[in-house]
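The values are calculated or read from the model by the stated rules, or taken from the named source; none is laboratory data. Note that the structure is predicted; figures quoted are calculated from it, not measured. Neighbour counts are summed over all protein chains in view; Cβ atoms, including those assigned to glycine, are modelled from backbone coordinates with ideal geometry.
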Amino acid sequence: AKRIPGNMAPKADAKKAEKVAKAVKTAVSRKVKKVRTNVRFFRPKTLIKARSPKYPRKSTETMYKLDKYRIIQCPVTTESAMKKIEEINTLVFLVDIKATKPKIKE
């Protein structure tokens with residue numbers, strides 16, 4: 001390819017020179033290595049967003065299975081229970097295994 005002398009070359013050279021001058025003026029950027037002061041590595045805490053589902057994963061909410069009829073089932077009528085009723089005014093009931101004391105009190 002033949003080079004045609006013209007005014008294109010000086011402009012390109014000037015631009016190149018400008019670029020070089022700019023590069024010379026600025027400091028050479030180097031990556032700073034993080035100084036670790038501890039042997040244990042902690043995983044960085046990242047952003048945790050609250051869930052906002054587009055649709056419910058379950059079609060219906062689960063009903064509470066321990067209703068008042070399931071917790072206390074029936075009174076106990078054994079002799080030892082009768083003795084408690086007579087002597088220390090205490091009623092004895094059969095209750096569900098999963099029932100807690102506060103739930104029974106309710």
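In the set (1) touching a strand residue (DSSP E or B) at 6+ places or on another chain (Cβ under 7 Å); (2) at pLDDT below 85, Gln73 fails one condition alone, (2). A single entry from Ala99, Ala50, Ala17 fulfils the requirement of being surrounded by 10 or more Cβ atoms within 10 Å (Cβ to Cβ), of a type in the set (Gly, Ala, Ser) and within 44 Å of the chain's Cα centre (by Cα): Ala99.
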